[in-house]
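One structure below.
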Amino acid sequence: SHRHRMAGNVFFISMLCMAAAATYLAFMKHQMDNVFGGVLTFYLVTTAWVTAKRRDGETGIFDWGALLFALAVGAAMVTYGFEAAKSPTRSIGGVPAGMYFFLGSVALLAAAGDVRMLVRGGVFGRQRVARHLWRMCFGLFIATGSFFLGQQQVFPAFLRKTNVLFIPAILPLVLMIFWLWRVHIRRTYP
């Protein structure tokens, strides 16, 4: 619908601004885990938006560039994961190796999806909706997790003690799973 498109464009622009600002601030503070999170969010949201804007079966040079970008980001994150795993604390800057492996795996899985899309000559129907949905929701999941769990000091102490901040941090992931189930299993969108 027209309203969904307008809301999606506003969401897309706000997520790009947030991801770019987060990446810049993290880079200035030498927080590579947050740099990777911001860059991955930027990539996921951008490719999700492009998927929604195009018609079924369309691809372009942008998709090849996005694939190379995802491969580079994923390889860098996995490399940082191995470096963290080798360190005596099993972390870099307080971030455990598992977090680098997790985000690196997401980037590499997204790159695999890009390869699949390019080989097939685009995405069609439900696959197109699912690609748009999981990339937007996962980008939002990274953002909400970074804010509600990574910046807990900005919230009142009584909220931090109740662990209620986990709810908005995890909610995009839960909603993503629900809507992917609706799209793929119930075949809501033919």
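The values are calculated or read from the model by the stated rules, or taken from the named source; none is laboratory data. Because the structure is predicted, anything quoted here is derived from the model rather than measured. Because the Cβ atoms are built from the backbone with ideal geometry, glycine has one as well, and the counts that use them run over all protein chains shown. Heavy atoms of the whole protein, side chains included, go into the accessibility calculation; ligands, DNA and RNA do not. Shrake-Rupley method; radii C 1.70, N 1.55, O 1.52, S 1.80 Å.
For the reader, a short list of remarks on this structure follows.
- Note on His4 and His184: with the Förster distance fixed at 25 Å, the Cβ-Cβ geometry gives a FRET efficiency of about 0.80.
- Divide the volume of the convex hull around the Cα atoms of region 1-153 by the residue count and you get 111 Å³ per residue.
- Cα-based helix-to-principal-axis angle, 32-53 vs the chain, degrees rounded to 10: 10 degrees
- In order along region 12-26, the Karplus-derived 3J(HN,Hα) couplings, from 6.51 cos²θ - 1.76 cosθ + 1.60 at θ = phi - 60°, round to 4, 5, 5, 5, 5, 4, 5, 5, 5, 5, 5, 5, 4, 5, 5 Hz, and Gly and Pro are given as x.
- Per residue, the chain exposes 59 Å² of accessible surface when a 1.4 Å probe is rolled over the protein heavy atoms with every protein chain present.
- Among the trypsin sites (Lys or Arg not before Pro) within region 37-107, those in coil by DSSP and having at most 10 neighbouring Cβ atoms inside 10 Å are Arg55.
- Rel. contact order, % - alpha carbon contacts under 8 angstrom, at least six apart, region 48-190: 27 percent
- Residues with amide H under 5 Å from that of Gly122, placed H, sequence gap 5 or more: none
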